[in-house]
Structures are given as structure tokens and as C-alpha cells.
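The values are calculated or read from the model by the stated rules, or taken from the named source; none is laboratory data. Source: prediction; values computed, not measured. Each accessible area value is taken on the protein alone, full model and side chains, heavy atoms only, with ligands, DNA and RNA left out. Shrake-Rupley method; radii C 1.70, N 1.55, O 1.52, S 1.80 Å.
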Amino acid sequence: MAKISYMTVGSNRLEEAKAFYDALLGTIGMRPLFEHPSGGRLYRGKGVGMFGVLGPYDGNPACIGNGMMGGFDFDTREEVDAFHAKAIELGGTCEGAPGERMPKAYFAYFRDLDGNKLCAYRLGE
């Protein structure tokens, strides 16, 4: 199962983003924890950290960070493949198909509906 400590992404399309993340994060057992005052939502799963999709605190439009990326650590390559495929199915865009990037390092990259870059990965066999 995926592991994450804490991560948030910004969105200018919060209702669409919440639907995207409800469906995507639901596949790894993460459920809505509470609604954020910005109009966003925070998620949590058993044994995993917290993820949030939020409106920016400063009130300015959300924008993607060049070089910013969050990662989800999975137990198997098949889980990486499934998470990446689900993100694409939900309207995300592929930023790197699942595959071995170096020995024992399997990664897949995608962008969400707002362009935030995320990664699913498995280290080891």
C-alpha cells in the first residue's frame, strides 16, 4: 500500500480536483478527512499520512511549482501501474510511463488536473 507523510497541492478548480482525488486516493484507501476552509479537502488513510488539495492561503491563484513533485511509495510495481493508470483515466496527464529508471527503482509520473506533478514508485524488487 502507498505511504506518504504529508503533502498538499493547490487548485483553481477545487470541485473538479476533489472529485479527481476522491476517486484516485480512494483506490489506495485514503478517504476524505475534513473539508478545508479554502474550499479544498484533506485526506487520510490507515497507516498513511495526509494529503490535501487546497485553495492557496494567500488568496492568489494556485500555480504549479517547476520542479516540485510529491511521491507515493508503493509495495509492488503492479500498485504503481494501477495508481498511474487511474490518474490518467481520471483526466491526469502522463509525465513518464511506469518503468524502471535504474536498478530496483520503478517510477511512474503524472500531472493532476491543475498540472501538479506527482509520482508513484517502488524501490527494491
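Roll a 1.4 Å probe over the protein chains and send me the accessible area per residue for the chain in Å².
Details: 6520 Å² over 125 residues.
So the chain comes to 52 Å² accessible per residue, rounded to a whole number.
Using C-alpha pairs under 8 Å with a sequence gap of at least 6, the mean separation divided by the residue count of the chain gives a relative contact order of 26 percent. If you model region 2-115 as an ellipsoid using its alpha carbon gyration tensor, with each semi-axis the square root of five times an eigenvalue, the axes come out at 24, 16, 13 Å, biggest first. Size descriptors for region 49-101: radius of gyration and Dmax over Cα atoms are 13.9, 40 Å.
For the chain, the carbon plus sulfur part of the accessible surface works out to 55%, probe radius 1.4 Å. So which residue, out of Ala19, Ala85, Ala62, gets the largest mean-square fluctuation from a GNM of the chain using Cα contacts under 10 Å as springs? Between Ala19, Ala85, Ala62, it is Ala19 that shows the largest mean-square fluctuation.
Taking only Cα atoms and a 10 Å spring cutoff, compute GNM fluctuations for the chain and point out the largest among Lys46, Lys18, Lys86. The residue that fluctuates most here is Lys46.
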